[in-house]
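The values are calculated or read from the model by the stated rules, or taken from the named source; none is laboratory data. Remember, it's a predicted structure, so these values are computed and weren't measured experimentally. Heads up, the Cβs are rebuilt from the backbone with ideal geometry, glycines too, and the neighbour counts pull from every protein chain shown. We work out accessible area using only protein heavy atoms, side chains counted, and drop any ligands, DNA or RNA first. Shrake-Rupley method; radii C 1.70, N 1.55, O 1.52, S 1.80 Å.
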Amino acid sequence: MMRKLGIVALGALALVATALDVSAQITTGNISGTVRDAQGGVVPGATVILIDEARGTRLAPATTDETGTYVFPNVTAATYTVEVTMSGFKTAQRKAVPVSGGDRVSVPPITLEVGGQTEAVTVVAESPLVQAQSGERSFTITTQQVENLPINHGNFTSLIQLAPGVRDGGANQNGARMGSASQDNIMMDGISAMDTGNNGQMLNMNIESIAEVKILTQGYQAEFGRSSGLQITAVSKSGTNRFRGSAYELFQNSDWNSIRMLNKLNNDPKPKAKSKTLGYSIGGPIGKPGGTNKLFFFYSHEYVPTSNPINNGNPIRYRVPTALERAGDFSQTLDNNGALFNFIKDPALTGACNATDQTACFQDGGVLGRIPANRLYSVGLAILNRYPMPNRAQTPGSNYNYELGGAGGEPLPIVEQLRQQPAIRLDYQLNAKTRISWTYGGERQRPLLRSGLIPGFTDVKTPYPYITKYSLTANYILTPTTFLEGTYGFIRNELADGNEGGVLMNDSANRLKDLAAFPMLYPDAGIVPKDSYAYEVLEDIKPPF
């Protein structure tokens, strides 16, 4: 009685899980086929068993109906052996039957030969299997391809470029289906991996943790939706009935690159950048290897330490306010061609202000381009003082006086970062009808203060650089044609915070600078009336404390 109650509870849990997360997709496929005798007649009543070749686990047996047809409706992504037995006939097996999530695999007819059940006839995939039961156009990149192809290791979506019917998706997408420029939809282990804030991929999981990737380009089934572009579904790698593992190391070093022509023409040094990727994985049974096991695990961890200058190592050049300009003196100001440009028109005067007529120019103390101190706006001066001081003289013919990374400027700031990607999967087959799987994947980085393109002015601190994915899937077979599958999970990242309009929001020292630069933000300053529109605007950018 308790066993029956447990099964009913699991089924109810699956239904509830489905209701909680309507964005989840079916993670399993189905296998169907027919059994015939040597004369081509159908064989009803034959027992068909599906065996996971990697784990050795078996699904609940199916029985062929009066047309000799069998169906397995709830099959996890793996490679299977279809075994058929019947009294008076030799045992027949068809090996190497691959199944991906959402597949409708039709196995070619299996022929039974007269003989004893102790004898066996084995067929190993002499012809490719096709999805004869659905009209979808899809392509699956298998574990063997993932492990052996020289592809971008850092993101599993790079695999979609191998699929037929997929073209280059441009800067924001790894690929797009032919004849469409629509957004893609990305799923991982039955849950959405999309960032609803920018409609892009939230978690760029490395391919070492991915067993396979399926790409649907046309003729989607009913369970797929959200976007009219590619439907990309990834399945995490799982453990087998034997212990298996891997280790890898990848290096990137700008010293191996050639210097580009633009750097040569500008007499700029070659950009410097270094990174390496270190990782390992291990998976297997929780129990005796090769034995009859029900619980399996897989764990992988990737480390990517980087040492890169800002702006991808390319020089940064700006025209920033000089010390004289911060005091309202533009008498020595140069234009973008390095020529003197000290014509600053006084809006209170009538007339022109140019090279031939300086009637309406600022000329405090007889100096052309100097603004009187009583005409300066304190807020404007405070904003100018937020910029760094020039670190080089603006020469004739040039349009900058601040340089980082060039031959004549200061070196670019280096960002030392460590990115990690752990992944875990547990699979438990309670019995031939009940299976449960749990996955975790994520990305972790150090919460560093990153220099912006103007260090000290556009710096950004991301206090919580974390992305987390969990999923839990329960499957229960009710009848040979009916099953329950429930998936609950989520993927999320932390709010980035950081830079906002040039005001650093996360560093206490810079908050003090903000207090000094924007005293009008606070009630006791008395500079901007509290009931004015200017005060309301400035309140919108006030640093939080």
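Which FRET efficiency value, to the nearest 0.05, is calculated for ASN399 and VAL379 with the Förster distance at 30 angstrom and r the Cβ-Cβ distance? Each step should come with its number before you reach the end.
Values: r = 27 Å, r/R0 = 0.89.
Plugging the Cβ-Cβ distance into 1/(1 + (r/R0)^6) gives 0.65.
Using only the C-alpha atoms of region 348-421, find the volume of their convex hull and express it per residue in Å³.
211
Residues of region 231-272: accessible area per residue at 1.4 Å, in Å²?
Solvent-accessible surface per residue comes out at 67 Å².
Ordered by packing density, taken as the mean number of other Cβ atoms within 10 Å over each peptide's residues, highest first, how do 319-331, 383-395, 229-241 rank?
229-241, 319-331, 383-395
Return the subset of LYS95/LYS288; LYS95/LYS469; LYS90/LYS237; LYS95/LYS214; LYS95/LYS433 for which the Cα-Cα distance in this structure is over 28 Å, preserving the input order.
Among LYS95/LYS288; LYS95/LYS469; LYS90/LYS237; LYS95/LYS214; LYS95/LYS433, the Cα-Cα distance tops 28 Å for LYS95/LYS469; LYS90/LYS237.
Can you tell me the accessible area per residue over region 290-350, all protein chains present, probe 1.4 angstrom, in square angstrom?
With the other protein chains kept in place, region 290-350 gives 50 Å² per residue.
Take peptides 434-441, 302-309, 209-216 and line them up by average Cβ neighbours within 10 Å, highest first, as a rough protection proxy.
209-216, 434-441, 302-309
Under a point spin-label approximation (7 Å from Cα along Cα-to-Cβ), what is the ASN312-LEU453 distance to one decimal in nm?
My value for the distance between the label points is 1.2 nm.
At 1.4 Å probe size, put MET86, MET261 in order of accessible surface, largest to smallest.
From most accessible down to least: MET261, MET86.
Order these peptides, 443-451, 42-50, by their mean beta-carbon neighbour count within 10 angstrom, highest first. Could you put the intermediate results ahead of the total?
Details: 443-451: 15.8, 42-50: 18.6.
Final packing ranking: 42-50, 443-451.
Based on the Cβ-Cβ distance of LYS270 and THR482, what FRET efficiency does E = 1/(1 + (r/R0)^6) give at R0 = 41 Å, to the nearest 0.05?
0.05
Please work out how much length the chain gains when fully extended from TYR387 to ARG446, using 0.36 nm per residue of separation minus the C-alpha to C-alpha distance, in nm with one decimal.
The span from TYR387 to ARG446 would gain 18.5 nm if fully extended.
Report the net charge of residues surrounding VAL84, where surrounding means a beta-carbon distance below 12 angstrom and charges are Lys +1, Arg +1, Asp -1, Glu -1.
0
Report the relative contact order of region 295-368, percent, no decimals, based on alpha-carbon pairs under 8 angstrom and at least 6 residues apart.
17
At a threshold of 8 angstrom on Cα-Cα distance, excluding pairs fewer than six apart, so keeping six or more, what relative contact order does region 313-445 reach in percent?
25
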